[in-house]
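A short write-up of the structure that comes next.
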Amino acid sequence: MTLTLDPENGILDPCPQITPRYLSDLKMMFKDQQVVDEILKEENRLIYEIRYYPFRTSKSDMALAVTRIFPGSIGGEYHMTKGHKHERDDQPEVYYCVKGEGFLLLDTLEGEFQAIPWRAGTITHIPPMWAHRVINTGTDLLVFIGVFHLSAGHDYEIVAQKGFSYRVYAVDGKPALIRQT
């Protein structure tokens, strides 16, 4: 199977599944709940979307996901993906930043944390059992590709419960990592 990706807008073709993530889907991920509620009274903005293609074969099942994170912030906190950890403890993932700038946050949720600066061309291996989240700190669309085994599974609940060790805010117009207490 061969797919086509437009690197400027992150459109994958063919694409059998598109999952939009609106602010209402990510409400609890942002720190400033009052600002979230105020924005939701006016609009339910699209924060990011995932364009997904599963490669199913008789011997190995892989998947490709192209994620498009729109620029913006909520209460000074940059737009981000929901973040997840894989359900299987032996499953890594590879991310490739196609367009934009930001951070890839990696967190064991037990004390180890990394914030990897991201720009177009950055490729990152995500070790098994590390939660991961991408933050768009730029003024343009951030597009990245994730490649993983279909059996990896996604645990979003643990990230929602424990959260990442740091959040990324705009401080004096620049990204700043702020430790969570």
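Listed residues R51, R56, R68; which is basic (K, R), more than 30 Å from Q180 (Cβ to Cβ) and surrounded by 15 or more Cβ atoms within 10 Å (Cβ to Cβ)? Give the steps one after another, and end with the answer.
Details: R56 fails: surrounded by 15 or more Cβ atoms within 10 Å (Cβ to Cβ); R68 fails: more than 30 Å from Q180 (Cβ to Cβ).
The conditions single out R51.
Name the pairs: first residue in region 1-27 and farther than 22 Å from E101 by Cα and modelled with pLDDT of 95 or more, second residue charged (D, E, K, R) and outside any strand (DSSP E or B), Cβ to Cβ under 8 Å, at least 6 apart or on different chains?
The qualifying pairs are D25/K82.
This table checks each residue for (1) under 29 Å from E8 (Cβ atoms); (2) within 14 Å of the chain's Cα centre (by Cα); (3) not in a strand (DSSP E or B).
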| site | (1), (2), (3) |
| --- | --- |
| D89 | no, no, yes |
| C97 | yes, yes, no |
| S151 | no, no, yes |
| V168 | yes, yes, no |
| P175 | yes, no, no |
| T181 | no, no, yes |
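From the residues in region 76-111 that are at pLDDT 90 or above and of a type in the set (A, V, I, L, M, F, W, C), which one is nearest to T137 (Cα to Cα)?
F103
Just to be sure before I move on: is V159 β-branched (V, I, T), part of a strand (DSSP E or B) and in contact (Cβ under 8 Å) with a residue 40 or more places away in the chain in the structure I sent? Before the answer, list the steps.
Values: β-branched (V, I, T): yes; part of a strand (DSSP E or B): no; in contact (Cβ under 8 Å) with a residue 40 or more places away in the chain: yes.
No.
With the requirement that a residue be exposed (fewer than 15 other Cβ atoms within 10 Å of the Cβ) and either touching a helix residue (DSSP H, G or I) at 6+ places or on another chain (Cβ under 8 Å) or part of a helix (DSSP H, G or I) (or both), what does region 20-39 give you?
S24, M28, Q33, Q34, D37, E38 - these are the residues of region 20-39 that are exposed (fewer than 15 other Cβ atoms within 10 Å of the Cβ) and either touching a helix residue (DSSP H, G or I) at 6+ places or on another chain (Cβ under 8 Å) or part of a helix (DSSP H, G or I) (or both).
The values are calculated or read from the model by the stated rules, or taken from the named source; none is laboratory data. Because the structure is predicted, anything quoted here is derived from the model rather than measured. A quick note on method: Cβ atoms are made from the backbone with ideal geometry, for glycine too, and the neighbour counts reach across all protein chains shown.
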